[in-house]
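Participant: Just passing along the structure, written as structure tokens.
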Amino acid sequence: DEGIAGALDEFKSVQANPSTAIPNKYKELIGLGVAAQIPCDYCVYFHTAAARANGATEREIKEAVAVSAIVRHWSTYLNGSKTDEGTFKRELSQIVTNAKAAAGKPAPEAVAIVDAASARDDIRRTFGFVPTFLATFPDSGIAGGWREMKSLQLSSTTAIPPKYKEMIGLAVAAQIPCHYCVTFHTTVLTQLAGASNAEVQEAIVMASIVRHWSTVLNGMQMDRAAFNAEVDRAMSPPKKKSAAR
């Protein structure tokens with residue numbers, strides 16, 4: 001009881017508030033991305049329903065989950081392989097510099113990605129060089145891993161705009177936590193995607209709100225069927241009152 005007033009106020013002031021820096025639909029997709037990889041069944045159910053209630057399409061919902069999975073994938077490799085953080089940051093800075101220089105110019109001619117050599121050739125065409133963590137990734141997996149990253153996370157033609165995909169990435173990274181991914185997504189958001197500081201901070205706060213309620217719901221072992229029914233009721237459109245006779 002002692003904490004509910006403050007927790008509810010935060011929820012209403014940030015997540016449920018339509019006047020914050022991030023539109024409600026994207027806040028819920030951020031929440032879904034975080035929930036999907038905790039993983040928290042309660043939160044996945046809630047944020048999926050809330051995203052739909054705020055106009056998210058099924059494609060957007062699937063993309064939010066897939067972006068979350070990509071962040072987890074590369075976070076695992078970066079941390080597990082003990083990639084040097086100094087090198088990672090220097091190479092990220094070079095990626096940003098190269099991207100700015102290429103802005104407005106025709107995209108490099110696409111190549112068929114069929115093996116490690118063609119994957120790294122395409123990485124070089126995309127970034128201007130092959131970053132260390134992509135150079136050291138096993139040859140057996142780099143073609144698939146790169147195709148997934150390029151066609152979803154780096155694509156400008158997905159259902160979710162690039163800026164909001166990076167916010168999902170940052171929110172997921174913030175509570176893994178992964179220093180590499182926090183640095184990557186914050187840098188891309190602020191230097192390439194045009195995100196404001198308010199948007200960056202709000203994406204992080206959304207991650208913390210999801211973690212907070214996931215902890216409460218799982219720790220209290222709330223009945224899932226009852227929870228789902230309450231979410232369904234909360235997300236149902238209000239019934240129109242019949243005209244007075």
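The values are calculated or read from the model by the stated rules, or taken from the named source; none is laboratory data. Here the structure is a predicted model, which is why all the values come from computation and not from measurement. Reconstructed Cβ throughout: ideal geometry from the backbone, glycine too, with neighbour counts over all protein chains shown. Note: areas computed on protein heavy atoms with side chains; ligands, DNA, RNA excluded. Shrake-Rupley method; radii C 1.70, N 1.55, O 1.52, S 1.80 Å.
Participant: Hey, which of these cross-link pairs are over 18 Å Cα-Cα: K27/K100; K27/K165; K27/K62; K25/K62; K25/K100?
Facilitator: Values: K27/K100 28 Å; K27/K165 11 Å; K27/K62 15 Å; K25/K62 14 Å; K25/K100 29 Å.
Going by Cα-Cα distance, K27/K100; K25/K100 fall outside the 18 Å limit.
Participant: Report the percentage of all Cα-Cα pairs in the range 2-50 whose separation exceeds 14 Å, rounded to a whole percent.
Facilitator: Values: 651 of 1176 pairs.
Distances greater than 14 Å cover 55 percent of the Cα pairs.
Participant: Write down the accessible area per residue of the chain in Å², having rolled a 1.4 Å probe over the full set of protein chains. The partial results should precede the final answer.
Facilitator: On the way: 12920 Å² over 245 residues.
It amounts to 53 Å² per residue over the chain.
Participant: Now for a different question. How about the range 1-100: which trypsin sites (Lys or Arg not before Pro) there lie in a loop by DSSP and see at most 11 other Cβ atoms within 10 Å? Could the numbers behind the result be given before it?
Facilitator: On the way: sites: K12, K25, K27, R52, R59, K62, R72, K82, K89, R90, K100; in loops: K82.
Of the trypsin sites (Lys or Arg not before Pro), the ones in loops of the range 1-100 whose Cβ has at most 11 other Cβ atoms within 10 Å are K82.
Participant: Using 0.36 nm per residue, how much length does the chain from N98 to R224 gain when fully extended, once their Cα-Cα distance is taken away? Before the final figure, lay out each step's value.
Facilitator: Details: separation 126, 0.36 × 126 = 45.36 nm, distance 4.87 nm.
Here the answer is 40.5 nm.
Participant: Scaled to the compact-protein estimate 2.2 N^0.38 Å, what is the alpha-carbon radius of gyration of the range 32-184, rounded to two decimal places?
Facilitator: Details: Rg = 16.1 Å, N = 153, 2.2 N^0.38 = 14.9 Å.
Normalised by 2.2 N^0.38 Å, the Cα Rg of the range 32-184 equals 1.08.
Participant: Ignoring ligands, DNA and RNA, please state the percent of accessible area on the chain from carbon and sulfur, probe 1.4 Å.
Facilitator: Values: 7180 of 12920 Å².
C and S fraction of accessible area: 56 percent.
Participant: Explain nothing, just the number: relative contact order of the range 157-217, from Cα pairs under 8 Å at least 6 residues apart, as a whole percent.
Facilitator: Numbers: 42 pairs, mean separation 22.5, N = 61.
Relative contact order comes out at 37 percent.
Participant: Shifting gears a bit: As an exercise, use a Förster radius of 41 Å and the Cβ-Cβ distance of S13 and V114 to find the FRET efficiency, rounded to the nearest 0.05.
Facilitator: Values: r = 51 Å, r/R0 = 1.23.
Given R0 = 41 Å and the Cβ-Cβ separation, E is 0.20.
Participant: Would you mind working out the magnitude of the charge dipole of the chain relative to its Cα centre, with +1 at each Lys and Arg C-beta and -1 at each Asp and Glu C-beta, to the nearest 20 Debye? Before the final figure, lay out each step's value.
Facilitator: Working: 26 positive and 24 negative charges, 150 e Å.
The dipole of the chain has a size of about 720 debye.
Participant: Once the other residues with Cβ under 14 Å from the Cβ of Q15 are scored (Lys, Arg +1; Asp, Glu -1), what is the net sum?
Facilitator: In short, 0.
Participant: Among A35, T158, N228, whose Cα projects farthest towards the positive end of the dipole of the chain, with charges put on the beta-carbon of Lys, Arg (+1) and Asp, Glu (-1)?
Facilitator: The residue sitting farthest along the positive end of the dipole is T158.
Participant: Within 10 Å, at most 16 other Cβ atoms, and a DSSP state outside H, G, I, E, B define an exposed site. Report the longest part of the chain free of exposed GluC sites (Glu not before Pro). Please report the intermediate quantities before stating the final value.
Facilitator: Working: sites that count: E2, E109.
Value returned for the longest uninterrupted segment is 110-245.
Participant: Return a whole-number percent for the relative contact order of the chain, with Cα pairs under 8 Å and 6 or more residues apart as the contact set. Provide the component values of the computation, followed by the final result.
Facilitator: Values: 245 pairs, mean separation 66.6, N = 245.
Taking the mean separation of contacting Cα pairs over the length of the chain, I get 27 percent.
Participant: I would also like to ask the following. I want to verify a result. In a Gaussian network model of the chain, Cα cutoff 10 Å, which of these has the top mean-square fluctuation: T157, T187, T57?
Facilitator: Top of the fluctuation ranking is T157.
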